[in-house]
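What follows is a single structure, written as structure tokens, with notes after it.
Every read-out reported here was derived from the displayed coordinates using simple, explicitly stated rules and does not represent laboratory data. Keep in mind that what you see is a predicted model, and the values were worked out from it rather than measured. Glycine gets a Cβ as well: all are built from the backbone with ideal geometry, and neighbour counts include every protein chain shown.
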Amino acid sequence: MAKKRFGLRVVWLLAIKLMLSLFLISVVWVLLYRWVAPPATLHMLQRRAEAAAAGKEEPEIKYKFVRLEDMSEQLPLAVVASEDQRFLQHSGFDIDAIVDAFKRNRKGGNIRGGSTISQQVAKNVFLWHGRSYFRKAVEAYFTLLIEVLWGKERIIEVYLNIAEMGDGVFGVEAASQRYFGKPASELGRQQSALLAAVLPNPIKYSAARPSGYVRTRRGRIARAMRRLGGTTYIKEILPEKDEEK
């Protein structure tokens, strides 16, 4: 009996050490990316791996990280208006959106998530794409970490740099150069809204050849940007620079 108790104690100690090690590694990883631009994300690597596994040509990854101050102020406004209008109010999870998504999915409509911008950053930077409950739990953990250790300004900056906006096109700088031939700092409301319009499915929807659906969605996003009050709505996460346009 004593040996059994000793064995269980050893197992528990090893489990605790493992959990502490994983916790420390995750905190260091998140803190590193608070100051350093991610050289790549797990989502980018997964896209390459999936193509290789399917025997397809690996997608060319276009990605250039730029600071928030080097982007048009219309870009963070567009993605907040499109993806997460309560971004500045919640702490990583929008309970109302989650409940709404659950109700819609129960009615048998198109499956849609209630993911916030913070959750999308956690998923795309630190995790693989999947639908398991375990992955969702880890996503929630990383969401809490970046909310605490990064803050909203860094979260929106990273999101705008790592969101896929076309097949293999990641971030607003690569997308702006690809589709408009100019830097992200020069985009206006309509162009920013167009990039936000393809976010739900950047493989299916194209900013280069927008379908009727994408153009309609762009219009809705642009109207939402005006309805929210323009960039004043997100002024607390905008870097201090020239006066608001």
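Details
- Percentage of interatomic Cα-Cα distances in segment 115-245 larger than 25 Å: 31 percent
- For GLU83, GLU69, the sequence from fewest to most other C-beta atoms within 10 Å is GLU69, GLU83.
- Neighbour-count ranking [beta-carbon atoms within 10 angstrom, fewest first] of SER211, SER118: SER211, SER118
- Residue-wise HN-Hα coupling along segment 66-71, computed from phi with Karplus coefficients 6.51, -1.76, 1.60 (Hz; x: Gly, Pro): 10, 6, 4, 5, 9, 10
- In order along segment 128-135, the phi-based Karplus estimate (6.51 cos²θ - 1.76 cosθ + 1.60, θ = phi - 60°) of 3J(HN,Hα) comes to 8, 7, x, 10, 6, 5, 4, 4 Hz; Gly and Pro are listed as x.
- D_trans [Stokes-Einstein, Kirkwood Rh over alpha-carbon pairs] for the chain, 25 °C, 0.890 mPa s, µm² s⁻¹: 126 µm²/s
- With contributions of -39500 (n - 2.57) from each DSSP H run of at least four residues, the per-residue ellipticity at 222 nm computed over the chain stands at -18500 deg cm²/dmol.
- Amide H to amide H, with H built 1.01 Å from N, THR116 comes under 5 Å of ASP94, counting only residues 5 or more places away or on other chains.
- When the Gaussian network model of the chain links Cα atoms closer than 10 Å, the mean-square fluctuations of LYS136, LYS123, LYS17 top out at LYS17.
- Sparse-neighbour loop sites [trypsin sites (Lys or Arg not before Pro); segment 149-205; at most 12 other C-beta within 10 Å; DSSP]: LYS204
- Each of ASP96, ASP70 was scored by other Cβ atoms within 10 Å of its Cβ. Arranged with the fewest first, they read ASP96, ASP70.
- Between helix 2-35 and the chain: long-axis angle, C-alpha atoms, 0 to 90°, nearest 10: 20 degrees
- Here the Gaussian network model covers the chain, with springs between Cα atoms less than 10 Å apart; of ALA52, ALA137, ALA15, ALA15 fluctuates the most.
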